[in-house]
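Report on the following structure.
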Amino acid sequence: MNSSQKQLDLDLVILATLEQAPLYGLEIIKEVQERTNGALAFKEGSLYPALHRLVKLGWVLTEWQPSTTGGAPRKYYQLSDSGISALKKKKLEWNTIRNALDSLITSMIGV
């Protein structure tokens, strides 16, 4: 998988994770791991540059909120209207790729 494909996949993962509710960084990582039963895991070093890029694109908005545990305020990330549109487009792209791979694999194994 080339770097642009990995970026597309990470963007899709982040946008889809933020679809339900605003989350702060470590919550995003935890949510992805939980929703995928650990199959998808990435580190902060991948997440934060991707979030920064998505904010620059205008797909993700940020807001500082007080910590629920009494610690320092946390930066929460949420989808913007253009982020919702981008997510819809990326889901369509993903479904096209998934369907193509399913067809290819099925034809190769005769199932």
Task: Label-point gap, in nm, between Glu19 and Ile84 - each point 7 angstrom along Cα→Cβ - done: 1.3 nm
Open item on the list: Can you compute the helix-only [θ] at 222 nm over the chain? Use -39500 (n - 2.57) per DSSP H run of at least 4 residues, normalise by all residues, nearest 500 deg cm²/dmol.
Closed with: -21500 deg cm²/dmol
TODO: State which helices in the chain qualify, where a helix is a whole DSSP H run, it must extend 24 Å or more along its own axis by its Cα atoms, and its mean Kyte-Doolittle hydropathy must be at least -1.0.
DONE: 81-109
Task: Taking N as its residue count, the alpha carbon Rg of segment 3-109 over 2.2 N^0.38 Å - done: 1.20
Task: Proximal charge balance of Val32 [Cβ under 14 Å; K/R count +1, D/E count -1] - done: -4
Open item on the list: What do you get for GluC sites (Glu not before Pro) in segment 1-97 restricted to DSSP loop and a cutoff of at most 14 other Cβ within 10 Å of the site's Cβ?
Closed with: Glu19
Open item on the list: I want to check the label-to-label distance for Phe42 and Thr106. Put each point 7 Å from Cα in the C-beta direction and report it in nm to one decimal.
Closed with: 3.0 nm
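Computed from the coordinates by the stated procedures, all read-outs in this text should not be read as laboratory data. Keep in mind that this is a model prediction, so the values were computed, not measured. Counting neighbours? That spans all protein chains shown, and the Cβs are built from the backbone with ideal geometry, glycine included.
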